[in-house]
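Beneath this line is the structure, given in structure tokens, with notes to follow.
The values are calculated or read from the model by the stated rules, or taken from the named source; none is laboratory data. Here the structure is a predicted model, which means the values were calculated and not measured. Backbone-built Cβ (ideal geometry, glycine too); neighbour counts: all protein chains shown.
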């Protein structure tokens with residue numbers, strides 16, 4: 001019975017969702033390798049994934065202010081957590097090339113998969129029980145969770161960006 005339901009869910013999933021999944025896997029693999037990023041490229045992933053989560057809560061819950069407040073609170077919580085617990089080591093700014101050196105990490109892949117599966121579970125939940133979209137508690141939890149994941153990407157990018165300022169202050 002459960003396998004039948006899961007199979008039906010997968011069957012009814014639009015083809016573009018599978019493409020997005022494999023695209024995120026590929027992007028996560030790229031993130032696992034050390035690379036040089038321009039300031040613009042550094043900003044693209046957090047902005048894209050922030051937009052990705054924001055469009056999901058807009059599409060799922062319309063304009064409920066509590067959802068957007070919860071999303072913002074999730075971003076704030078991620079920023080505070082990253083400030084308290086530290087950031088990934090090894091990022092540095094090169095004034096000569098105008099790029100950031102960012103060491104490889106599997107953390108972005110894990111975060112992208114968490115965001116993808118959170119959005120997928122949210123969409124499936126609302127497809128099976130549309131009335132849940134009117135539950136302030138459900139909407140707030142979804143908004144906070146997606147904001148927390150988005151905020152983690154913002155926090156990581158801001159920390160890498162801070163290496164530019166740190167190098168300038170140090171005179172390097």
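Look at the range 55-70 and say how many of its residues are modelled with pLDDT under 95 and either surrounded by 19 or more Cβ atoms within 10 Å (Cβ to Cβ) or in contact with a strand residue (DSSP E or B) (Cβ under 6 Å, 6 or more places away or on another chain) (or both).
The number of residues fulfilling the criteria is 5.
Would you confirm whether or not the range 27-38 contains a residue that is in a helix (DSSP H, G or I), at pLDDT 90 or above and closer than 20 Å to residue 147 by Cα?
Among the residues of the range 27-38, at least one is in a helix (DSSP H, G or I), at pLDDT 90 or above and closer than 20 Å to residue 147 by Cα, which makes the answer yes.
Name the one entry in 1, 113 that is surrounded by 12 or more Cβ atoms within 10 Å (Cβ to Cβ) and either over 16 Å from residue 159 (Cβ atoms) or over 16 Å from the mean Cα position of the chain (by Cα) (or both).
Unique residue meeting the criteria: 113.
Determine, yes or no, whether residue 98 is at negative phi and surrounded by fewer than 13 Cβ atoms within 10 Å (Cβ to Cβ).
Against the criterion (at negative phi and surrounded by fewer than 13 Cβ atoms within 10 Å (Cβ to Cβ)), residue 98 does not qualify.
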